[in-house]
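Before any comments, here is the structure.
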């Protein structure tokens, strides 16, 4: 097997948000808030917990890999032959939060999934910013 056959790519998005990490964390980990910006889910912030995201186009099978409240959230993301990992990293930035999302594991033969993820995550980020602007994510 050549090195090129095993190389993978990542979709990375970063945003500076005018909200504290605790508020962003709630939007990333509370199922009713996740549904408002991402998809319906039975997520629970417990390492090893299996959950899924559901949308009209299908579902994504996931498992929580890492939880560090208000700092790091990582889970597998498996759908339509794609085996990837989504990692959220929150860093304080002034009065707000620097949010970084990386979805890693796209193989060279998964160009459509890679492009689709780039488009999809930009849309989800816009939705997330709208949810964060509401009082619903307040403590």
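Every number in this text was worked out from the coordinates using simple rules, so none of it is lab data. Quantities reported herein were computed from a predicted structural model and do not represent experimental measurements. Positions of Cβ are backbone-derived with ideal geometry, glycine not excepted, and every protein chain shown enters the neighbour counts.
See the values below:
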| item | result |
| --- | --- |
| Using a Förster distance of 35 Å, the FRET efficiency for residue 123-residue 66 (Cβ separation, nearest 0.05) | 0.90 |
| Choice from 56, 109, 42 showing the highest fluctuation, given a GNM over the chain with Cα pairs closer than 10 Å | 56 |
| Ordering of 18-24, 66-72 by burial proxy (mean other Cβ atoms within 10 Å per residue, highest first) | 18-24, 66-72 |
| Sites residue 47 and residue 115, calculated FRET efficiency, Cβ-Cβ separation with R0 25 Å, nearest 0.05 | 0.20 |
| Zero-based 10 Å bins, Cα pair distances in the chain, whole percents | 12, 43, 34, 10, 1, 0 |
| Hydrodynamic radius by Kirkwood, which averages 1/r over all alpha carbon pairs of the stretch 76-125, in angstrom | 12.1 |
| Helix-only [θ]222 nm of the chain, DSSP H runs n ≥ 4, -39500 (n - 2.57) each, per residue, nearest 500 | -9000 deg cm²/dmol |
| Potential extension, residue 59-residue 40 segment - 0.36 nm per residue separation minus Cα distance | 5.9 nm |
